[in-house]
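Accompanying notes for the structure given below.
Each value in this text was obtained by applying a stated rule to the coordinates, not by laboratory testing. Keep in mind it's a predicted model, so treat the numbers as computed, not measured. Note: ideal-geometry Cβ built from the backbone for every residue, glycine included; neighbour counts use all protein chains shown.
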Amino acid sequence: METDLLTLAIVCPLVFLGGLVDAIAGGGGLITLPAYLMAGVPAHLAIGTNKLSSGLGMAMSTWRLYRGGFIDMRLALVPIVSAFVGSLAGARGALLVPESVFEIILIALLPIAAVAVMRKKTLEPDVHAISPERQRRLLALCAFACGAYDGFYGPGAGTFMLILFSAAAHLAVRDAAGQMKITNFSSGLAAFLMFAMAGEVDWVLGFAAGAFGIAGHYIGAGLVLKNGSKIVRPIIGVVLLMLFAKTAWNYFAGQP
């Protein structure tokens, strides 16, 4: 596909905005993927190219959060591997299970997740409530599940990781944001490799949009470093609302 100025004008600003949101609470794909489709990029090519541009941006926010001390690599190693394997398994499963089945599950699940996030204790867990060994096991399990979702369907995967890392594995919210970012980068990388091997990546458009994604992720990661849960909680609520609206629209619009 030939990349023209109109395509860049539509995609690049929205990739910047998606990167900003994604760095804070995940879910940037709810903005960036529709941007590619709106610009007329074919669906599979849009997904693969979006994985490239979002991956470049995610690398920036991951690095910034690491430099800020919010990523413990010793704790992150197993979740990184779990998310990568889960994403590969999810992508394979996507070939076997109709997407509409997963959409029904999401429509039921998302309002519950939104209510949980709005509860004060969900993102303010007792960080000493569980042992380090149990915390590592929970992180690995949550990473695998969210990685499988990322490979199978995708939108909001980082948001679900952040919620589970905080609520289930009892990480402080800013630590959860850091661990989520590097883990989500791993699951996104697995999905990107599969699309790249299938030839479904527009490299020129992906790298151009990726530059804007890097800028958005850089600013978003800075907001996380400064404001912690004060900025994360409302952004998660907005992302979940967007995901619910998008999923419900896709499902009911496709019904006869």
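Based on the Cβ-Cβ distance from LEU5 to LEU193, what FRET efficiency comes out when R0 is 30 Å, to the nearest 0.05?
Values: r = 30 Å, r/R0 = 0.99.
That gives a FRET efficiency of 0.50.
Within a 10 angstrom radius of the beta carbon, how do TYR36, TYR153 rank from fewest other beta carbons to most?
Details: TYR36 27, TYR153 20.
Lowest to highest Cβ neighbour count: TYR153, TYR36.
Starting from the Cα of ASN227, move 7 Å in the Cα-to-Cβ direction to define the label point; list residues of segment 175-196 whose amide nitrogen is under 16 Å from there.
Within reach of a label on ASN227: 177.
So what's the Cα pair-distance distribution over segment 5-253, bin width 10 Å, in %?
The percentages, shortest bin first, are 8, 34, 39, 16, 2, 0.
Each residue of segment 139-153 in order: what ³J(HN,Hα) in whole Hz does its phi give by Karplus 6.51 cos²θ - 1.76 cosθ + 1.60, θ = phi - 60°, with x for Gly and Pro?
Couplings: 4, 5, 5, 5, 5, 5, 5, 6, x, 5, 4, 4, x, 7, 9 Hz.
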